[in-house]
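The values are calculated or read from the model by the stated rules, or taken from the named source; none is laboratory data. Since the model is a prediction, treat every value here as computed from it, not as a measurement. Counting neighbours? That spans all protein chains shown, and the Cβs are built from the backbone with ideal geometry, glycine included.
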Amino acid sequence: MPAVFLLGFLFAPVRHGKAQDAGAPSAGTDRPAVSETQSSEKNQQEEDENDKYLHSATVRALGAKVGLNAEQAATAFTVANFVVLAALVGWFLAKTLPKTFRNRSTLIQKQLVDARTATEDANARLNSVEARLSKLDSQIAAMRSQAEKDSALDEQRIAASVEEEKQKILAAAEQEITAATALAQRQIQQYAAELAIEQAARKLVVTAETDRLLIQSFAQRLTGDDSKKGQN
């Protein structure tokens with residue numbers, strides 16, 4: 001019985017294909033937009049052709065060989081066609097799906113590996129960036145500390161330089177003051193001496209008698225000195 005149904009199934013596509021080929025030229029000549037009436041008539045025509053084929057002499061003859069009437073043979077033929085079609089579809093799926101699943105699984109595994117690799121690369125880059133940032137913080141702290149030390153040293157150098165310059169200025173001022181004081185003292189002494197001489201000259205009036213007495217006194221001093229030297 002399955003062999004008979006299979007033969008009927010093999011004959012069915014040929015007949016049905018011919019029917020479709022026969023209707024194809026008329027469909028090609030129709031306008032793109034068909035009306036609902038034409039569509040329903042076309043569907044009705046296809047149903048009539050299928051019904052004619054299911055009740056054809058070949059189907060009735062095959063059904064009679066297995067003890068079936070025309071309706072039973074048509075139903076059995078329809079079921080057999082569906083079973084064979086389902087078996088072919090199942091065989092095709094069983095043949096193609098494992099390969100598709102394997103390819104899909106391989107693709108998914110590859111994508112997972114790529115994603116894992118990308119994640120590892122991203123983590124490595126992130127760790128590198130974090131390490132650089134941590135080093136940057138320490139470098140900034142070191143630079144700030146060095147800047148503070150340099151600033152303190154500069155302040156000390158500036159203070160020492162200012163103090164040294166201050167001492168130099170004070171020493172120069174003291175020297176200038178000392179020199180000015182000495183010069184002023186000399187000038188004062190000279191002025192005082194000149195003033196004293198001038199005043200003495202004004203007070204001293206030397207007459208002839210006074211001149212004689214001075215010379216006599218000077219001569220006596222010289223004589224006294226000579227006698228003292230002779231006694232010694």
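Can you confirm whether GLU155 is in a helix (DSSP H, G or I), surrounded by fewer than 10 Cβ atoms within 10 Å (Cβ to Cβ) and of a type outside the set (Lys, Arg)? Give the steps one after another, and end with the answer.
On the way: in a helix (DSSP H, G or I): yes; surrounded by fewer than 10 Cβ atoms within 10 Å (Cβ to Cβ): no; of a type outside the set (Lys, Arg): yes.
Judged against the criteria, GLU155 is not a match.
To keep it simple, each residue is scored yes or no on (1) more than 60 Å from the chain's Cα centre (by Cα); (2) at pLDDT 90 or above; (3) part of a helix (DSSP H, G or I).
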residue	(1), (2), (3)
ALA122	no, yes, yes
VAL129	no, no, yes
ARG132	no, no, yes
LYS135	no, no, yes
GLU148	no, yes, yes
GLU165	no, yes, yes
LEU195	yes, no, yes
GLN199	yes, no, yes
GLY224	yes, no, yes
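Taking interchain pairs and intrachain pairs at least six residues apart, which have beta carbon atoms under 6 angstrom, with the first residue in the range 148-169 and free of Cβ contacts under 8 Å to residues at least 60 places away in the same chain and the second aliphatic (A, V, I, L, M) and outside any helix (DSSP H, G or I)?
Cβ pairs passing all conditions: none.
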